[in-house]
Structure formats: C-alpha cells, structure tokens
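The values are calculated or read from the model by the stated rules, or taken from the named source; none is laboratory data. No experiment lies behind these values; they were computed from the predicted model shown. Note that we place each Cβ from the backbone using ideal geometry, even for glycine, and neighbour counts take in every protein chain shown. Just so you know, the surface numbers come from the protein's heavy atoms only, side chains and all, with ligands and any DNA or RNA stripped out. Shrake-Rupley method; radii C 1.70, N 1.55, O 1.52, S 1.80 Å.
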Amino acid sequence: MSNDETVKPDALAGPVTLPQRPKLLIVDDQPLNVQTLYQVFHDHCEVIVATSGARALELAEEQQPDLVLLDVVMPEMDGFEVCRRLKADGSTKEIPILFVTAQDNPEDETRGLELGAVDFITKPINPAVVKARVRTQLTLKAQADFLRSLAFLDGLTGIPNRRHFNQRLDSEWRACQRSGRPLSLIMIDVDYFKFYNDHYGHESGDDCLKSVARALRQLASRGRDLVARFGGEEFVALLPECDLEGAREMAENIRAAIESMAVTHEASHVSGVVTASVGAAVTVPREGNQPRALLAAADQQLYAAKRDGRNRVAAQQLDDAPPAA
C-alpha cells in the first residue's frame with residue numbers, strides 16, 4: 001500500500017445504513033499504525049492515507065473525506081495543529097476528526113476536543129470499538145450533511161444555489177492555484193425573461209427556469225463541474241481545470257441546449273423560443289488575483305453577448321492559461 005492510496009469497496013458494514021460510501025482519511029507517520037487502521041476499514045470504506053500533516057491538509061481539501069482519523073504525535077506538524085487548521089478552513093471545518101493516539105492523559109484529550117475533535121481513541125486500538133465509534137460519527141456526519149445540503153440548494157430548481165457556488169468558487173480557486181491549472185467560469189442569462197413572465201405568467205416562468213436548470217445539470221458531466229442558480233434568471237457553471245477552448249465549447253453547448261428545449265417565447269425579441277446569452281472567462285489562479293476578478297470578467301462577457309444580439313457566446317481569457325491536462 002502506498003501513500004494516498006484509494007480503495008473503493010462496499011458501504012460500512014453494520015446495522016447503520018449510510019447514504020453513500022464512506023471516505024476515510026488516515027493520517028499517521030508510522031506505517032504500522034496506518035496498516036492497522038487500513039486493515040480495519042479497507043473492506044468497507046474508501047481509504048485515503050497521508051503520512052504528514054501538510055499532506056493531510058491538502059487531501060482533506062481535495063478529497064473532502066467523511067471522517068479523519070488523526071495521529072497526535074507527528075514530525076513538523078503535529079495532529080493538534082492539523083486539527084486547528086482543518087477547523088479554521090471553511091472547506092474542511094465540517095469534517096469530523098477522531099484523534100487516534102498512544103497518549104492517554106486528560107490534558108491532551110481536553111485540548112483535542114477544544115480544538116474541535118469529536119472523539120479520542122487510544123492505541124493500541126480495539127478494532128471493534130474503533131469501528132463502532134467511526135460508524136457513529138459517519139452517521140452523524142451524513143445527517144448533518146443532509147441538513148446542510150438543504151441550505152445549499154435552490155428551492156425552485158433543485159440545483160445548487162448562489163451560497164453553494166460562492167463556497168465552491170473559493171475552494172476550486174485554491175485547488176487550481178496549487179496545481180497551476182486553469183479555472184473557467186460561465187454565466188448564463190435567459191434572454192428577455194421578464195417579457196416571458198409578463199406574457200405567460202410567473203408559474204410558467206418558474207417552469208421555464210426548472211427546464212433550464214435540468215438542461216444545465218445534464219451538461220455538467222465531469223466530477224468537479226458545478227452548475228448553480230446565481231439569482232433570478234441567471235445561472236453559473238464552474239469548470240475546474242478547463243481551458244478557454246473547453247469553456248467556449250461548454251458555453252456553446254449550454255446555449256444550444258437551452259435553445260433546443262424549444263420552449264415557446266412569443267415575447268422574445270431574438271427568437272420564437274427561449275434562448276440564453278452566455279459569457280465565459282478563464283484564468284489561472286495565482287497569488288495576487290482573486291475569484292471576484294474571474295466572476296467580473298465572466299459577467300462582462302455575458303453583457304458583451306447580450307450587447308451583440310443575445311442568444312450567443314462571448315469568452316475571454318484573463319491570462320496565458322495553459323491547456324488542461
């Protein structure tokens with residue numbers, strides 16, 4: 001077994017049914033300890049391994065595990081510092097952390113719990129006990145995730161809302177900054193939607209927006225792609241590791257998919273069916289630039305598409321972004 005190995009077996013065994021396959025991040029610098037925990041969970045969970053605190057922070061943000069099993073005593077960055085940083089980061093603060101350590105003094109346990117850990121397990125571990133505790137925390141995490149998901153979904157269309165988009169933009173910005181890969185953002189505006197509402201009524205307008213959302217969701221086929229309702233008749237698509245050519249192609253696919261729905265729009269000044277104007281922008285996140293610059297550039301391209309006649313695509317590259325691998 002190598003560092004950062006990923007195994008994808010069945011769901012965690014036992015009486016508790018979890019909504020999805022649990023993903024565990026094991027953090028320990030001692031191979032024997034890693035192997036012990038790996039043997040306990042690899043038949044029932046997706047297991048990811050980090051042997052340093054720095055790598056643990058990277059994997060936690062990239063992989064978004066359901067649970068972290070974290071050693072306390074590690075060189076360079078100990079488990080307490082890893083826990084503190086995970087809880088200070090908005091993208092990882094909700095991930096439950098179980099300390100697994102040979103230290104059993106009350107002061108260390110108190111410190112770990114005060115930093116945000118949910119449990120403290122002492123070595124040598126009892127496989128049955130540690131499995132039961134992990135199962136409990138995974139169930140609690142699944143319940144919490146479900147409740148949080150309701151706050152991140154648009155009530156009308158059922159796709160992610162602007163709040164979810166803002167969080168993902170920040171996290172994907174950091175991920176692309178580390179990898180040096182491009183990040184693409186597409187903004188979509190339904191053409192003459194106010195006229196549509198006035199002509200057909202708000203109930204029909206809601207149905208139209210639901211149809212647009214379905215079309216967008218079908219196009220977001222890559223694992224990290226995100227489509228969301230930005231507000232009103234505006235939608236966004238976030239495409240990590242996608243270059244200008246890919247963003248332009250996706251933008252055109254979005255425009256064509258909305259037009260091909262063939263939803264009648266007699267009040268439109270551009271077509272007899274519902275259409276959309278689409279703006280795309282691409283950048284390579286670096287120190288000194290911010291996500292809002294990418295958002296502003298996509299918005300400018302959207303308005304360029306509207307200015308040039310609507311039902312069309314405009315795209316811009318903010319810098320010399322390398323092509324995505």
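Does any residue in segment 270-283 that is open to solvent by 10 Å² or more (accessible area, probe 1.4 Å) come within less than 9 Å, Cβ to Cβ, of a residue that is charged (D, E, K, R) six or more places away or on a different chain, and which pairs are these?
These pairs meet every condition: VAL270/ASP191; VAL270/ARG310; SER271/ASP191; SER271/GLU259; SER271/ARG310; GLY272/GLU266; VAL273/GLU259.
In the list THR110, THR101, THR92, which residue meets the criterion of being among the hydroxyl-bearing types (Ser, Thr, Tyr), farther than 19 Å from LYS123 by Cα and either in contact with a Pro (Cβ under 8 Å, 6 or more places away or on another chain) or at pLDDT below 95 (or both)?
The match here is THR92.
Run ALA293 past the list (1) open to solvent by 10 Å² or more (accessible area, probe 1.4 Å); (2) in contact with a His (Cβ under 8 Å, 6 or more places away or on another chain) and report the number of the one that doesn't hold.
(2)
Residues that are surrounded by 15 or more Cβ atoms within 10 Å (Cβ to Cβ) and more than 24 Å from CYS208 (Cα to Cα): does segment 259-266 have at least one?
For segment 259-266, residues surrounded by 15 or more Cβ atoms within 10 Å (Cβ to Cβ) and more than 24 Å from CYS208 (Cα to Cα): absent.
With the condition kept exactly as written, say whether any residue in segment 148-162 is among the charged types (D, E, K, R), at pLDDT below 90 and more than 15 Å from LEU70 (Cα to Cα).
yes
Show me the strands (runs of 3 or more DSSP E) entirely contained within segment 88-195 in which 3 or more residues are crowded, with 16+ Cβ neighbours inside 10 Å and in contact with a Cys (Cβ under 9 Å, 6 or more places away or on another chain). So that I can check it myself, show each step before the final result.
Details: elements: 97-101, 119-122, 183-190.
Those strands (runs of 3 or more DSSP E) span 183-190.
Quick one: in segment 215-230, which of the residues that are in contact (Cβ under 8 Å) with a residue 40 or more places away in the chain and out of contact with any helix residue (DSSP H, G or I) (no Cβ under 6 Å at 6 or more places or on another chain) is most open to solvent (accessible area, probe 1.4 Å)?
By that ranking, first place goes to ARG217.
Name the single residue that is farthest from VAL129 (Cα to Cα) among those in segment 72-87 being part of a loop (DSSP other than H, G, I, E, B) and open to solvent by 10 Å² or more (accessible area, probe 1.4 Å).
Here the residue is GLU76.
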